[in-house]
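The values are calculated or read from the model by the stated rules, or taken from the named source; none is laboratory data. This is a predicted model, so every value here is computed, not measured. Positions of Cβ are generated from backbone atoms using ideal geometry, with glycine treated the same way; all protein chains shown enter the neighbour counts.
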Amino acid sequence: MKEDVSLERETFAAISSPVGTGAIGVVRINGPESHKIVKKLMSKRIDDIKYRMVYHVELISENQIIDEVNLVFYKAPNSFTGDDMVEIYCHGGVIVTRKVLDALIRNGARLAERGEFTRRAFLNGKINLIEAESIYRIIEAKSEKALKIAMQNLKGALGKEIEELREELLNILAEIEVSIDYPDDIEIDENKIYMKLEAVAIKVKKKILEGRKGLHLSTGVVMAIVGKPNTGKSTLLNRLLYEDRAIVTDIPGTTRDVIKGEIDIRGVHFIIADTAGIRKTEDPIEKIGIERSIKEIQKADIILFVLDATTGFTNEDEYIYERIKSYNYLPVWNKIDTNNNIKELEIPHIEISALTGKGIRELEKKIVERVKEIIESGETSHVITYRQYEALQRAYKYLDNALKGLKIGLEFDVISIDIRKCLEEFDKLIGRTFSDDLLNTIFSNFCVGK
Ligand SMILES: Nc1nc2c(c(=O)[nH]1)N(C=O)[C@@H](CNc1ccc(C(=O)N[C@@H](CCC(=O)O)C(=O)O)cc1)CN2
Ligand SMILES: Nc1nc2c(ncn2[C@@H]2O[C@H](COP(=O)(O)OP(=O)(O)OP(=O)(O)O)[C@@H](O)[C@H]2O)c(=O)[nH]1
Ligand SMILES: [K+]
Ligand SMILES: [Mg+2]
């Protein structure tokens, strides 16, 4: 008998269909023992299994029929994961799928980790890291556009572009190194090197600029609701979400933490953050809340600057205005049902009553117009995760360093250090090099069974 230590088991299984009742459920088992385990449970004995063929059988465990199923055997390396694998299509439903999974576990499999099937596909070289991330984005896609970008990445769009840039850099590096190794024989044209390097830098910069848009499309547009206490920010959040999400009271300083909600407005997906009213305060909790509000301002793609028509534009508003005016903000005068103490700012404002709903449709229209300027301008990027975005930013920083170094006449061996660092970022981006930590972070977002 093999010892029953789950962690040592290489073969893992999971329910791959959503939890809940459904017409058909999918249970997958992956690894060296997967075929043996499933064969043990099959009502028919089939000696020479044909791979990727559908078998219709009953699964039997401890003399009990678990379910009537279809199943498919995959032989390594010809499977999604690249390992031996079996897919079982059983009846949908919480109990049936769990019983099938139970039978697999009792016969030698262990439970899969989150994203472990996709992780195996990556480790077996079936897909690169960008493709793995795109699978997650495909499942999570909240709009047709987001789906389209993720799908292009699954087909290798960003990965190919990065591979090309990598080749260009390797060529430049090779030229430089020959001149370092044979300084007397090789005459190097510094100008030419500069131009080639600059061409790569320009392409990376372009990817970064387009990348923000890709992120908007795939994760949503971040909108922060900001203002002094009691202007009606939380009332507005609840109104925009059609939901009683945040606590509303007439006490200034009610909202302490950032409260988030997601909703589609006219086809654009928004992540809306209601924040603590900003003012000078001695209350330590409120202080932390206000620090968080200021962080949200920096992260936001658009800021709703909520002003109170009953108080007019006060010193407290001026204080906030100074902090947000360099960002993409929209002045929103609230409480116009009671008063009309309104001041014009540099940017046209909008007038609403979060309480009665007056002006909300116009506000939504304005918000979407404003963000469409961002998300519909220029090319669509293939950057779909912050990890990718940040790797590109670091890569650019090294290229920029190298270019600056060339300009001031630094030695080539110094320049080549930056170029190598940039190459490392490219390698990490596509997963040519990776750490367990990185894989854990990426795949922990996945669901079990993916
Ligand atoms: N039933 C089922 N449907 C699914 C998946 C799956 O794993 N199982 N997928 C999971 O994400 C997606 C499709 N992706 C897949 C990717 C590769 C292979 C596969 O078997 N690849 C083999 C054979 C390739 C071929 O002959 O074309 C291979 O790469 O060797 C299957 C599905 C969506 N639909
Ligand atoms: N008349 C009127 N009252 C409003 C309107 N919007 C909000 N209020 C009232 O203003 C008070 C404060 O509303 P909140 O939504 O809690 O304001 P807030 O900006 O989130 O406040 P803090 O979280 O404390 O900063 C509550 O009594 C609301 O009912 C409005 O459009 N008209
Ligand atoms: K309040
Ligand atoms: Mg509030």
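Remarks
- Under the condition of being within 30 Å of Ile271 (Cα to Cα) and polar (S, T, N, Q), the residues counted in region 140-199 number 3.
- Residue selected from region 115-141 under the condition aromatic (Phe, Trp, Tyr) and either assigned by TED's automatic domain parsing to the domain that holds Pro18 or surrounded by 22 or more Cβ atoms within 10 Å (Cβ to Cβ) (or both), by the criterion farthest from ligand 1 (Cβ to nearest atom): Phe122
- Annotation note: of Gly261, Gly277, the sole residue that is within 14 Å of ligand 2 (Cβ to nearest atom) and part of a loop (DSSP other than H, G, I, E, B) is Gly277.
- Any hit, region 74-91, residues being buried (at least 21 other Cβ atoms within 10 Å of the Cβ), of a type in the set (Phe, Trp, Tyr) and modelled with pLDDT of 95 or more: yes
- Selection from region 18-49 of residues that are more than 14 Å from Asn70 (Cα to Cα), charged (D, E, K, R) and modelled with pLDDT of 95 or more: Glu33, Lys36, Lys40
- Residue match in region 232-245 (condition: within 20 Å of the chain's Cα centre (by Cα), of a type in the set (A, V, I, L, M) and closer than 23 Å to Glu351 by Cα): no
- Residue in region 296-308 that is in contact with a Phe, Trp or Tyr (Cβ under 9 Å, 6 or more places away or on another chain), within 13 Å of ligand 3 (Cβ to nearest atom) and farther than 23 Å from Leu217 by Cα present: yes
- Selected residue (criterion: surrounded by the fewest Cβ atoms within 10 Å (Cβ to Cβ)) from residues of region 199-221 that are of a type in the set (A, V, I, L, M) and touching a residue at least 60 places away in the same chain (Cβ under 8 Å): Leu209
- Residue ID - surrounded by the fewest Cβ atoms within 10 Å (Cβ to Cβ), chosen from residues in region 229-243 that are within 7 Å of ligand 2 (Cβ to nearest atom) and outside any helix (DSSP H, G or I): Pro229
- Options Arg266, Arg256, Arg279; residue that is in contact with a helix residue (DSSP H, G or I) (Cβ under 9 Å, 6 or more places away or on another chain), away from ligand 1 (no atom under 16 Å from the Cβ) and under 23 Å from Glu140 (Cα atoms): Arg266
- Boolean, Thr219 is of a type in the set (S, T, N, Q) and within 15 Å of ligand 3 (Cβ to nearest atom): no
- First in region 122-134 and touching a residue at least 40 places away in the same chain (Cβ under 8 Å), second anywhere and among the aromatic types (Phe, Trp, Tyr) and buried (at least 17 other Cβ atoms within 10 Å of the Cβ), Cβ under 9 Å, 6 or more apart: Phe122/Phe443; Lys126/Phe80; Asn128/Phe122; Leu129/Phe122; Ala132/Phe122; Ala132/Phe443; Ala132/Phe446
- Region 59-73 - residue that is surrounded by 19 or more Cβ atoms within 10 Å (Cβ to Cβ) and not β-branched (Val, Ile, Thr) and, of those, farthest from ligand 4 (Cβ to nearest atom): Phe73
- Restricting Ala224, Ala246 to residues that are surrounded by 20 or more Cβ atoms within 10 Å (Cβ to Cβ), hydrophobic (A, V, I, L, M, F, W, C) and within 8 Å of ligand 2 (Cβ to nearest atom) narrows the list to Ala246.
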